[in-house]
Ligand SMILES: Cc1cc2nc3c(=O)[nH]c(=O)nc-3n(C[C@H](O)[C@H](O)[C@H](O)COP(=O)(O)OP(=O)(O)OC[C@H]3O[C@@H](n4cnc5c(N)ncnc54)[C@H](O)[C@@H]3O)c2cc1C
Ligand code: SF4
Ligand code: SF4
Ligand code: SF4
């Protein structure tokens with residue numbers, strides 16, 4: 001009769017095996033690892049991550065979710081803390097670095113987490129692991145930004161966005177409807193200009209800068 | 001026989017006074033307001049958690065036991081303004097509008113209670129800016145038939161009965177931003193009770209509670225929580241309220257539904273803030289006058305939390321009830337009796 005085994009045989013048919021084949025396991029993990037938490041804690045701005053008690057105040061009031069689907073600072077923290085590295089990389093790596101540093105989360109966090117800095121630290125953690133491809137987003141942005149400053153003496157908003165997307169191989173993303181409509185709104189409200197003005201006689205300064213930086 | 005001074009006429013002080021008088025001591029009870037009963041009477045609590053028992057059933061007998069006892073002298077509208085001497089011989093100056101008097105006491109019991117946290121500090125919740133964002137103590141008053149709305153839950157803005165009501169938990173509690181990292185210990189059960197009362201009054205209303213944890217550790221509290229879900233269909237959402245704005249003339253709240261990993265926007269007619277418990281000015285004032293220790297949050301600190309929970313840092317001065325930290329009424333009554341026993345046994349020795 002009832003044996004102490006994980007098989008269940010009824011009328012000669014073994015049922016558990018069949019069910020196991022039908023239903024892929026939904027269990028996520030067996031062990032929580034704090035390896036990633038320890039790493040983020042050590043990064044600049046990452047120290048307060050362990051204070052978080054997962055209340056969701058940050059995500060509830062965050063500026064971004066209206067524009068960026070699934071952007072969720074509380075969840076980023078949770079994933080790092082529980083060591084769900086794969087979910088963090090597969091589902092969140094393109095989200096984390098989009099934080100606009102508005103600081104709403106930090107000002108409101110009831111536990112004293114510096115949430116904005118922690119989100120930055122998590123982005124840095126991912127960058128250090130080279131999950132973004134050859135050039136990290138920060139590095140790419142820095143290059144484009146400095147390049148423009150040296151070349152023109154100022155930033156042209158439209159140009160910098162275009163160059164940044166093209167440098168990270170995502171020009172297609174820039175042409176997405178939501179991005180275009182956001183750009184259009186910013187244009188019509190005067191937040192950005194189509195062509196940045198020129199700075200007089202910048203050529204000479206630019207020349208000197210380039211020599212200096214050689 | 002020595003006389004004992006009890007400061008504070010809330011449920012704790014009242015219980016302590018009548019127990020001491022019952023043991024034959026003379027008691028002077030000093031209360032700064034012109035009524036007895038403390039917060040329960042001030043905010044016209046109507047029904048008490050968890051049994052939804054009329055608050056009067058509990059507070060009236062406690063007040064009566066004091067008022068009818070000839071060993072207790074009640075000083076309403078009075079304050080203790082100066083204390084000198086040491087145990088067991090204190091001289092205290094009691095001041096009221098008519099003047100000052102000095103009496104000698106063998107022991108002093110401090111039962112000065114708490115004040116409700118003022119949510120105006122939490123700007124993002126809009127209290128003070130939006131009329132229909134109210135506190136849980138304002139709701140207590142509304143639900144009382146002798147209250148300002150004669151027992152009806154009405155929106156302050158237009159007097160209409162709200163249909164969709166959201167309750168934010170932990171307002172001014174568990175919150176380092178406002179300097180109160182501790183739990184208010186009664187907010188969860190009080191909100192659950194209020195949700196049920198609202199549903200009983202208006203069965204077609206919708207009540208949503210935004211919480212981080214429902215802390216239901218008291219007698220019958222967990223059962224009340226179950227009842228709110230099963231019998232009254234109160235919706236509990238695990239996510240702390242993040243902000244309140246006005247959209248098309250309607251209150252709109254944001255929070256994260258953490259179980260779903262997504263932020264939500266929710267339009268409601270009224271928002272109740274489960275405002276926490278803070279050490280009141282009365283308690284802070286008493287601590288100064290008596291020179292006894294407070295903890296980091298202003299509450300009175302026992303000499304030893306485990307071994308002498310009702311003794312202050314100074315011999316002969318005792319503490320009890322919600323002035324030591326958030327506490328429910330049942331336990332305040334226990335505290336009142338406990339402090340009376342401690343005072344009596346110390347005075348005997
Ligand atoms: C909205 C809300 C609802 C609640 N509902 C419930 C419930 O349903 N069930 C439950 O068990 N608990 C409930 N509670 C908790 C309950 O209010 C407290 O347990 C109880 O009031 C504490 O009694 P107390 O005597 O220690 O303090 P208090 O009630 O605060 O009384 C202290 C008294 O001392 C006086 N005083 C203060 N300072 C001085 C001074 N310096 N000199 C002279 N007098 C002074 C005050 O005027 C006051 O009368 C609720 C709390 C809140 C916030
Ligand atoms: S607000 Fe602070 S405590 Fe709450 S989830 Fe965000 S980081 Fe964590
Ligand atoms: S700082 Fe970043 S994470 Fe924080 S609220 Fe602003 S956008 Fe969201
Ligand atoms: S009792 Fe409930 S509402 Fe009050 S602080 Fe604790 S968890 Fe928050």
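Read-outs: derived from the displayed coordinates by stated rules, not from any lab. These figures come from a predicted structure and were not determined experimentally. Glycine gets a Cβ as well: all are built from the backbone with ideal geometry, and neighbour counts include every protein chain shown.
The table below lists the values:
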quantity	calculated
Label-to-label distance, nm, for residues given as residue B:70 and residue B:313 (7 Å Cα→Cβ offset)	4.3
Max mean-square fluctuation residue, GNM over chain A, Cα-Cα springs under 10 Å, options A:192, A:77, A:49	A:192
Shielding by partners - mean other protein chain Cβ count within 10 Å, residues of B:166-178	2
Rounded D (µm²/s) - segment B:117-276, Kirkwood Rh over Cα pairs, Stokes-Einstein at 4 °C, 1.567 mPa s	82
Whole-number D in µm² s⁻¹ for segment A:35-128, Kirkwood Cα-pair radius fed into Stokes-Einstein, 37 °C, 0.692 mPa s	257
Cβ-based exposure ranking for B:253, A:95, in which fewest neighbours within 10 Å come first	A:95, B:253
Exposure proxy order (Cβ contacts within 10 Å, fewest to most) of B:105, A:71, B:236	B:236, A:71, B:105
Percent antiparallel among DSSP beta bridges (both partners in chain B, rounded to 5)	50
Using alpha-carbon coordinates, inclination of helix B:187-201 to the longest axis of chain B, degrees	60
Pairwise FRET efficiency - residue B:157 versus residue A:162, Cβ, R0 = 41 Å, nearest 0.05	0.25
For chain B: relative contact order, % (alpha-carbon pairs under 8 angstrom, 6 or more apart)	21
Inter-centroid distance (Cα atoms) of segment B:122-200 relative to segment B:302-349, Å	31
Diffusion constant of segment B:195-349 at 10 °C, which comes from Stokes-Einstein with the Kirkwood Cα-pair radius and 1.306 mPa s, µm²/s	83
Relative contact order %, segment A:35-128, counting alpha carbon pairs below 8 Å whose residues are six or more apart	41
Set of segment B:199-217 residues, backbone N closer than 18 Å to the point 7 Å along the Cα-Cβ line of residue B:177	B:210-213
Ellipticity estimate at 222 nm from DSSP helix runs (n ≥ 4, -39,500 (n - 2.57)) divided over chain A, nearest 500	-16000 deg cm²/dmol
Relative compactness, the protein assembly as shown, computed as alpha-carbon Rg over 2.2 N^0.38 Å	1.28
Candidates B:279, B:338, B:320: whichever shows maximal mean-square fluctuation once chain B is modelled as a Gaussian network with Cα springs under 10 Å	B:338
DSSP-defined beta bridges in the protein assembly as shown - what % are antiparallel, rounded to 5	55
Folded to 0 to 90 degrees: helix B:329-348 orientation relative to chain B principal axis, Cα	10
Whole-percent pair-distance distribution, where bins are 5 Å wide, for the alpha carbons of segment B:35-75	6, 22, 28, 21, 13, 8, 3
Simple spin-label estimate for residue B:267 and residue B:306 in nanometres, 7 Å along Cα-Cβ	5.7
MRE, 222 nm, helices only [DSSP H, n ≥ 4, -39500 (n - 2.57), over chain B, to nearest 500]	-8000 deg cm²/dmol
Beta bridges by DSSP in segment B:117-276, antiparallel share as percent, to the nearest 5	45
Cα shape, segment B:63-189, gyration tensor, a/c 1.5 rule	prolate
FRET E, pair residue B:201, residue B:26, Förster distance 60 Å, beta-carbon r, rounded to 0.05	0.85
Relative contact order %, chain A, counting alpha carbon pairs below 8 Å whose residues are six or more apart	16
Alpha carbon centroid spacing (whole Å) that separates segment A:118-174 from segment B:1-66	68
Segment A:49-185: C-alpha gyration tensor shape, a/c 1.5 cut-off, then a/b vs b/c	prolate
B:64, B:288 arranged by Cβ crowding within 10 Å, fewest neighbours leading	B:288, B:64
Net length gained if the chain between residue A:174 and residue A:41 were fully extended (0.36 nm per residue, minus Cα distance)	44.6 nm
Neighbouring partner chain Cβ atoms per residue of B:254-262, average, 10 Å criterion	6
Degrees between helix B:11-22 axis and first principal axis of chain B (Cα, 0 to 90, nearest 10)	30
Three-way shape label, segment A:137-213, alpha-carbon gyration tensor, a/c 1.5	oblate
Candidates B:202, B:183, B:332: whichever shows maximal mean-square fluctuation once chain B is modelled as a Gaussian network with Cα springs under 10 Å	B:202
If the convex hull is drawn through the Cα atoms of segment B:273-329, its volume per residue in Å³	92
Solvent-free Debye scattering, log10 I(q)/I(0), computed from the Cα coordinates of chain B at q = 0.09, 0.10, 0.14 Å⁻¹	-0.52, -0.63, -1.08
